[in-house]
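The values are calculated or read from the model by the stated rules, or taken from the named source; none is laboratory data. What you see is a predicted model, and the numbers here were worked out from it, not measured in a lab. Quick reminder, even Gly has a Cβ in these numbers, built from the backbone with ideal geometry, and neighbours come from all protein chains shown. The accessibility values were calculated without ligands, DNA or RNA, using every heavy atom of the protein model including side chains. Shrake-Rupley method; radii C 1.70, N 1.55, O 1.52, S 1.80 Å.
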Amino acid sequence: MTSNLHRETVETVAFRAGYLALFALMVVPLLVVIATSFSDGARIAFPPENLSLTWYVEFFDSIRWLEAFTSSIIVGVGTAALATLLGVLGAFGQEFDDSSLGSVVAPLVLIPLLIPPVILGITLLMYFNEGGLRGSYVSIILAHTLWATPLVYFVMRSVFSRFDWQQLDAAHDLGAGPVQSFVHVVLPNVKHGVFVGALLAFIISLQEFVMALFLSTSTTQTIPVLAWTELRQAMDPMVSVVSTFLILISLGALALAVIATNLEWVSKQLS
Amino acid sequence: MSDITLQGLEKRYGETTAVEDVSVEIDDGELLCLLGPSGSGKSTTLRMLAGLETPTEGAIRLDGEDVTDQPAYDRNTSTVFQDWALFPHKTVLENVAFGLKMRDVPTDERRERAQAMLERVQMGGYGDEDPTTLSGGQKQRVALARSLAVNPDVLLLDEPLSNLDKRLREDMQIELREIHDDLEETFVHVTHDQDEAFTLADRIGIMNEGELIQVGDPDEVYENPKNRFIEGFLGDTNFVDATVARTNGEAVYVETELGAELILPSDGAHGLESGDELTLSLRPEILSIDRGEPDAAATATADQRAVTDGSTTNAVAGTVANVIYRGSTVRYSVSIDGASVFAERTDASSGSLSAGDDVTLEWDGEDVLAFRADGSRVSLREP
């Protein structure tokens, strides 16, 4: 009995240690990057020799970085809006389609995720050249939407599978037309899912680099694109500052998503 | 208030037919119960009435106006759903006011009307509650108020009481009936519960396998069921297989597994021939059960009795196999030559019987219903 307990304890400790090691492996580089952003030297160095906010001041003085930051936000918000609209409506429509066509559509939605972004980037570049959209925000938003929509779609499929569809019948029955019942009855019940989907789309867009590299110009380049160009010239801590911002934005969005899903979970438990 | 006509209504899902050729006229202010087992198409029929399903064929008319292709939100019908389908993100009052909001009734007026409707169903104090915290009975009342608040031409009820426990269900049946009589609106109520249908309905429509088999007053469908399915569905009965031995102008004589030859008095309208297979229905309430052997007159062959005194009484001897107390009545299961028949009586009617007692079962042949092998009713008398 005691030896058994002992063995279990060892196993638990080993498991936790392994888990912790894995976690550290993923998180430590991020911490290193954040630490180097507070250096005052001209090159990235770890540990930083002196702590200072020099490069943060530099960042807010740099028009190029601020422009890239603005571009990333514009593209991210645009992608979130478009991908959420398409993903939510797609998943909603799928609920009413029991034809064999419907079972084909779901896997098709996944295709953009399976094509290497380099190929997607080149293809879209040629495509947008023809359409005269090259270098515009619209082209990057459309490219990112290709990636983000499937994720929103699958989040919403799972959210809608828990929705009580009799409520929609009740809404129609009480005189609410299709749009009214969607706005007054469906949306309030799935709003947390929509929120999570939109955040996912935003984060996807924020960190996407390859397609943005192909499709952006110097006026529309996003943060990852500018970071890459800068890195090729100089390994200064500005890149760390930018990375820190990206990490913080993603973490912030993630935290919001967790809060939203937990709220949903809590409300499910209460009902 | 509206009258409704269903004409040749049909609903198919691919290969399966959920509702087949349903035609019925429902009067203004009537309470019609659609009664049938699950999967009989009664809910689908109701959903077509509500506009939540589109018929594959046939027509629906409300007050003479064809509404067959009108969507639910353009139709002034209102449904109380089985699971009530209250909106969990709205308060009780908002739920009740929802239909009025969709009809662009000003905020103050709709709050007032919703509150009045809540009071009507004795839920006046619950306006600000979260509907998910209510009990089943309370949810049912709120769902009813929500449907009635829009002043529907027709109120449709899709088994709204089936999720309540027995006592509450019976109270609600009476309350529903009172609300109906008060409002004088047309109600169509779907249920699989015979007692509920008999308690509520002006008329009962019995459905099975997508077809509306019989529509009539409660006593009419009970006393005069159109086929064997209805007879079995409306109440407990003993079905006994029988073969026609011979017929004459006064009676049909049948042989059964109960051993004795039985008389079915008939004026000859039946069209039966000897050798025809029948099923007889011996309802427990027509059987009298008494201790002891049948007397001599009764044990004479059916033929002799009919000829001698014109009696239509049948009597068989059996043994009590078991006794089940059912509150106000006692049910005796009697075995007769290996076959089993049950009879009921109130316990006080005479000394109680116990398992193993020899008994006589007697009944008047006039009270027996007979059905052909295909389930159709045999008319033993000219209507």
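Within the bounds of the range A:125-136, is there any residue that is in contact (Cβ under 8 Å) with a residue 24 or more places away in the chain, more than 14 Å from every other protein chain (Cβ to nearest Cβ) and touching a Ser or Thr at 6+ places or on another chain (Cβ under 6 Å)? Yes.
On the stretch given as the range B:152-174, residues that are in contact (Cβ under 8 Å) with a residue 40 or more places away in the chain and open to solvent by 10 Å² or more (accessible area, probe 1.4 Å) total 5. Here B:Leu46 qualifies as more than 8 Å from chain A (Cβ to nearest Cβ), under 23 Å from the mean Cα position of the chain (by Cα), open to solvent by less than 30 Å² (accessible area, probe 1.4 Å) and in contact (Cβ under 8 Å) with a residue 12 or more places away in the chain. Among the residues of the range A:195-205, those that are over 12 Å from A:Trp147 (Cα atoms) and crowded, with 20+ Cβ neighbours inside 10 Å comprise A:Val196, A:Gly197, A:Ala198, A:Leu199.
Taking helices (runs of 4 or more DSSP H) as the structural unit, those lying wholly within the range A:162-271 and holding at least 3 residues that are within 14 Å of chain B (Cβ to nearest Cβ) and closer than 30 Å to A:Gln94 by Cα correspond to A:166-173, A:178-181, A:187-207, A:238-270. If we keep just the residues of the range A:63-92 that are crowded, with 18+ Cβ neighbours inside 10 Å and among the polar types (S, T, N, Q), which is farthest from A:Ser250 (Cα to Cα)? The residue in question is A:Thr84. Considering (1) open to solvent by 80 Å² or more (accessible area, probe 1.4 Å); (2) in contact (Cβ under 8 Å) with a residue 24 or more places away in the chain, the lone condition that B:Thr16 does not fulfil carries the number (2). The requirement of being in a helix (DSSP H, G or I), among the acidic types (Asp, Glu) and within 15 Å of B:Cys33 (Cα to Cα) is satisfied by B:Glu220. Just one of the listed residues (A:Val118, A:Val109) is open to solvent by 60 Å² or more (accessible area, probe 1.4 Å) and in a helix (DSSP H, G or I), namely A:Val118. Looking across the range A:206-226, the residues that are open to solvent by 20 Å² or more (accessible area, probe 1.4 Å) and among the aliphatic types (A, V, I, L, M) come down to A:Val210, A:Leu213.
Within the set B:Ala72, B:Ala116, B:Ala85, B:Ala97, the sole residue that is more than 25 Å from the chain's Cα centre (by Cα), aliphatic (A, V, I, L, M) and surrounded by fewer than 17 Cβ atoms within 10 Å (Cβ to Cβ) turns out to be B:Ala116. Within the range B:66-95, if we keep just the residues that are under 16 Å from B:Gln140 (Cα atoms) and polar (S, T, N, Q), the residue that is nearest to the other protein chains (Cβ to nearest Cβ) turns out to be B:Thr79. Count of the range B:186-215 residues, restricted to those that are more than 24 Å from B:Gly39 (Cβ to Cβ) and buried (at least 21 other Cβ atoms within 10 Å of the Cβ), is 1. Listed conditions (1) of a type outside the set (Val, Ile, Thr); (2) surrounded by fewer than 15 Cβ atoms within 10 Å (Cβ to Cβ); (3) not assigned by TED's automatic domain parsing to the domain that holds B:Leu264 are all met by B:Ser335, apart from (3).
Cβ-Cβ distances below 7 Å connect the following pairs, each with a first residue in the range A:179-203 that is of a type in the set (A, V, I, L, M), a second residue that is open to solvent by 50 Å² or more (accessible area, probe 1.4 Å), and a separation of six or more residues or different chains: A:Val196/A:Thr261; A:Leu199/A:Leu256; A:Leu200/A:Leu151; A:Ala201/A:Leu151. Among the residues of the range B:96-140, those identified as in a helix (DSSP H, G or I), within 14 Å of chain A (Cβ to nearest Cβ) and of a type in the set (D, E, K, R) are B:Lys101, B:Arg110, B:Arg113, B:Lys139.
So A:Arg157 fits all but one of (1) among the charged types (D, E, K, R); (2) open to solvent by 30 Å² or more (accessible area, probe 1.4 Å); (3) away from chain B (no Cβ under 14 Å); (4) over 18 Å from A:Leu85 (Cβ atoms); what number is the exception? Condition (4) is where A:Arg157 drops out. Take the conditions under 18 Å from A:Gly175 (Cβ atoms) and touching a residue at least 60 places away in the same chain (Cβ under 8 Å) and apply them to B:Val80. Does it pass? It is true that B:Val80 is under 18 Å from A:Gly175 (Cβ atoms) and touching a residue at least 60 places away in the same chain (Cβ under 8 Å).
The residue that is surrounded by the fewest Cβ atoms within 10 Å (Cβ to Cβ), counting only those in the range B:49-65 that are more than 14 Å from chain A (Cβ to nearest Cβ) and small (Gly, Ala, Ser), is B:Gly64. Just a yes or no: is a residue in the range B:158-171 in the same structural domain as B:Gly39 (by TED's automatic domain parsing), touching a Pro at 6+ places or on another chain (Cβ under 9 Å) and at negative phi? Within the range B:158-171, not a single residue is in the same structural domain as B:Gly39 (by TED's automatic domain parsing), touching a Pro at 6+ places or on another chain (Cβ under 9 Å) and at negative phi. Quick one: is A:Leu25 aliphatic (A, V, I, L, M), free of Cβ contacts under 8 Å to residues at least 60 places away in the same chain and in contact with a helix residue (DSSP H, G or I) (Cβ under 8 Å, 6 or more places away or on another chain)? When the stated conditions are applied, A:Leu25 does not pass them. Set side by side, the residues B:Ile230, B:Ile213, B:Ile263 differ, and just one is touching a strand residue (DSSP E or B) at 6+ places or on another chain (Cβ under 8 Å), more than 29 Å from B:Pro55 (Cβ to Cβ) and β-branched (Val, Ile, Thr), which is B:Ile263. Is there a residue being over 20 Å from the mean Cα position of the chain (by Cα) and farther than 30 Å from B:Val150 by Cβ anywhere in the range A:154-161? Yes, the conditions are met somewhere in the range A:154-161.
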